[in-house]
Amino acid sequence: MTPQPVPLTLPTSDWEEWLAQRCDGLLDEARGLVDTLKEGGRDASGVMALWNDLNLALHDTFASASLFSNVHPDEAVRTRGEKAEQDAHRLLTEIGLDRDLYDVLASVEPGDLDEGGRRVHSLTLRDFRRAGVDQPEEVRERLRVLAERETEVGQEFSKNIRDGVRSIRVEPAVLDGLPADFVEAHAPGEDGLVEITTDYPDYLPFATFCRDRDARAALMREYLDRAWPENETLLHTLLTLRREHARVLGYDGWPAYDAEVKMIGKGSAIPEFVDRITEASDAAARRDFDVLLARLREDHPELATVDNVDKLFYQEVLRRERFDVDAQQVRAYFDFSKVRAGLLSVTARLFGVEYVEVPDPSWHDDVATYDVLREGERIGRIRLDLHPRKGKYGHAAQFDLTPGIAGRQLAEGVLVCNFSKQLMEHDHVVTLFHEFGHLLHHVLASGHPWVRFSGVATEWDFVEAPSQMLEEWAWDADVLQTFATNADGEPIPRELVEKMRAAKDFGKGLYARTQMFYAALSYVLHQDVPDDITATMRELQARYDVFGYVPDTHFYAAFGHLEGYGSGYYTYMWSLVIAKDLFSAFDRDDLFAPEVAHRYRDRVLARGGSRDAADLVEDFLGRPYGFDSFQAWLDRV
Ligand SMILES: [Zn+2]
């Protein structure tokens, strides 16, 4: 067995210089490889080996640049990372439209390559064609203009959402029902009124807990109209640009172009999927909607339906009244250091790996570093950066440090989250399991020679499935009892976990229907590019959502996913359908059963992007993936 490569040595001082040297050096190496490739005179496997080196240099650059621009405590280092990211993007665009480079790769005879090489080659030519490299010069020029305009308009659309914060002013008595820390943070101004904004830290608690229906309605109208009307025109422009972009390349519209590289394959399969989920969730949605409406009408007999003004508020009322889950009681069982230790021991047991803490210095004292061993051999290194600090990325995500390449480069990844150092919300425990799923995928899929296959290199609409599945372990009483103990050392009671699960299950059909409204909107807007976006939205909401439209509002203007996800909002639910199916292979009464977990590790995770996701899933399940498990989950009361 060839010895595994050693981890990257991180600096102990002068990070800015280190990051600049690393990224500039890698980008120079990549440019040199482009020139070498264009010199020609190499056989098929020689060309593909250099192409792999080039992509590895780019991947390494993007990984370091993106990680340190998001986590480094020193602002100068973060800024240097952003610059490196921009440089790498520029080179990537240049490569994508480099006709001479494309000709070198297109002249490779696939029959002269091994199986992996053939797959990388065919994916590479597809990416080049999608970039438009083989189009006549005037088309390539138009594509450059379109891409630039799309970026500009997209950035402005997102900026208007970020800047489009609105507010209402209410009497202090309106805060009745809100948590004490919220009331404390919202003192009345000189006019004696309290300002409530549409930002999440204000909007979410207010919509969930405020007992004054008129005040909830006033805030909801402002919330649903963020970035309107300015984003209505911008959105229409963006949709028109994307349609032209796709048509110039010979596609029928943006969804067809976008779906081509996803598991779903065809744009036209998106509305079929949306309709299928809508039908599958119909009974569950009706069941829960009736409960919600009945509870609403106890307070407001005059109302005929539930809309966004009442949705969050009455869901919370039901959580308290029907499921009796006390968040304060729950968090007493989730002490951060026990949770972290528990997560490591659960996943070690499940996937047959071992974590050994190493004293390697990182960019901050909060970061814990571990080597990941399999059968005694180091297969990767992970770093857990799990607490908030100033200037750090504010959400939860897995970042690459280096992709693993067999015999050449160790897989290194980082989990970046913002959890408390003391007691955690159970939601955060679920998030930790979810993100750790991405990290394990990154480390386990490191045995390939091709960077194209390394780590989470699978289709975008499959990426979330392994992580969504790992969330199930954070909802299992047997699993939780291995580490979730209170200050007296008592494990979390089984009955409490059951109540938590019941509360979580309520509303899953409603959730599915609302998600399908969003998915239909993202598809139809891109496919039809309608002149009257509001009318289209109202029509789709009436067809797919069970919650009513709030009159004269324009939710799409602040629907940021239209920028980032394009026509692909369906992907989250698509992954969830597959996650439920993958989970069906496990024994619910024994989530640690090793045989199935190891089969899953070897047939799905370890294979990375070396095969299509549908094939990996079929190989693991012994049949193609289907909807039955998802349906059973929806129907389970
Ligand atoms: Zn995820």
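The values are calculated or read from the model by the stated rules, or taken from the named source; none is laboratory data. All of these numbers come straight from a predicted model, not from anything done at the bench. Methodologically, a virtual Cβ is constructed for each residue, glycine included, from the backbone with ideal geometry; neighbour enumeration extends over all protein chains shown.
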| remark: Pairing a residue in the range 459-474 that is more than 21 Å from V497 (Cβ to Cβ) with any residue that is of a type in the set (S, T, N, Q) and within 10 Å of the ligand (Cβ to nearest atom), where Cβ atoms lie under 8 Å and the two sit 6 or more apart in sequence or on different chains, gives D461/S575; F462/S575; V463/S575; E464/S575; A465/S575
| query | Among H434, H442, H448, which is the only one that is within 16 Å of the ligand (Cβ to nearest atom), surrounded by 21 or more Cβ atoms within 10 Å (Cβ to Cβ) and modelled with pLDDT of 95 or more? | reply | H442
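Residue by residue, here is whether (1) within 20 Å of R149 (Cα to Cα); (2) crowded, with 16+ Cβ neighbours inside 10 Å holds:
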position	(1), (2)
I196	no, yes
D202	no, yes
R221	no, yes
L224	no, yes
W228	no, yes
L249	yes, yes
P255	yes, yes
V261	no, no
| If a residue has to be under 21 Å from D400 (Cβ atoms) and out of contact with any strand residue (DSSP E or B) (no Cβ under 7 Å at 6 or more places or on another chain) to count, how many in the range 420-444 make the cut? | 8
| Do you know which of the residues in the range 408-425 that are crowded, with 22+ Cβ neighbours inside 10 Å and over 19 Å from the mean Cα position of the chain (by Cα) is farthest from the ligand (Cβ to nearest atom)? | L410
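Which residue, of T514, T553, T534, is among the polar types (S, T, N, Q) and part of a loop (DSSP other than H, G, I, E, B)? I'd like the intermediate steps shown before the answer.
Numbers: T514 fails: part of a loop (DSSP other than H, G, I, E, B); T534 fails: part of a loop (DSSP other than H, G, I, E, B).
T553 is the lone residue from the list that is among the polar types (S, T, N, Q) and part of a loop (DSSP other than H, G, I, E, B).
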| note | When the range 454-476 is checked residue by residue, the ones that are touching a Phe, Trp or Tyr at 6+ places or on another chain (Cβ under 8 Å), assigned to a loop (DSSP other than H, G, I, E, B) and within 11 Å of the ligand (Cβ to nearest atom) are E464
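Restricting to the range 452-468, name every residue that is crowded, with 22+ Cβ neighbours inside 10 Å and either touching a strand residue (DSSP E or B) at 6+ places or on another chain (Cβ under 9 Å) or more than 19 Å from L125 (Cβ to Cβ) (or both).
Just the residues of the range 452-468 that are crowded, with 22+ Cβ neighbours inside 10 Å, to begin with: 452-456, 458, 461-462, 465-467.
Listed by number, the residues that qualify are S454, G455, V456, T458, D461, F462, A465, P466, S467.
For (1) over 27 Å from V133 (Cα atoms); (2) touching an Asp or Glu at 6+ places or on another chain (Cβ under 8 Å); (3) of a type in the set (D, E, K, R); (4) assigned to a helix (DSSP H, G or I), each residue gets a yes or a no:
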{"site": "H236", "(1), (2), (3), (4)": "yes, yes, no, yes"}
{"site": "H245", "(1), (2), (3), (4)": "no, yes, no, yes"}
{"site": "G250", "(1), (2), (3), (4)": "no, no, no, no"}
{"site": "E298", "(1), (2), (3), (4)": "yes, no, yes, yes"}
{"site": "P301", "(1), (2), (3), (4)": "yes, no, no, no"}
| message | Please determine whether any residue of the range 211-230 is in contact (Cβ under 8 Å) with a residue 24 or more places away in the chain, within 30 Å of F462 (Cβ to Cβ) and assigned to a loop (DSSP other than H, G, I, E, B). | response | no
| query | Does at least one position in the range 148-169 carry a residue that is out of contact with any Ser or Thr (no Cβ under 6 Å at 6 or more places or on another chain) and farther than 25 Å from G566 by Cβ? | reply | yes
| For L480, which of the numbered conditions (1) more than 16 Å from the ligand (Cβ to nearest atom); (2) in a loop (DSSP other than H, G, I, E, B); (3) surrounded by 24 or more Cβ atoms within 10 Å (Cβ to Cβ) fails to hold? | (2)
| query | Would a scan of the range 494-517 turn up a residue that is modelled with pLDDT of 95 or more and within 16 Å of the ligand (Cβ to nearest atom)? | reply | yes
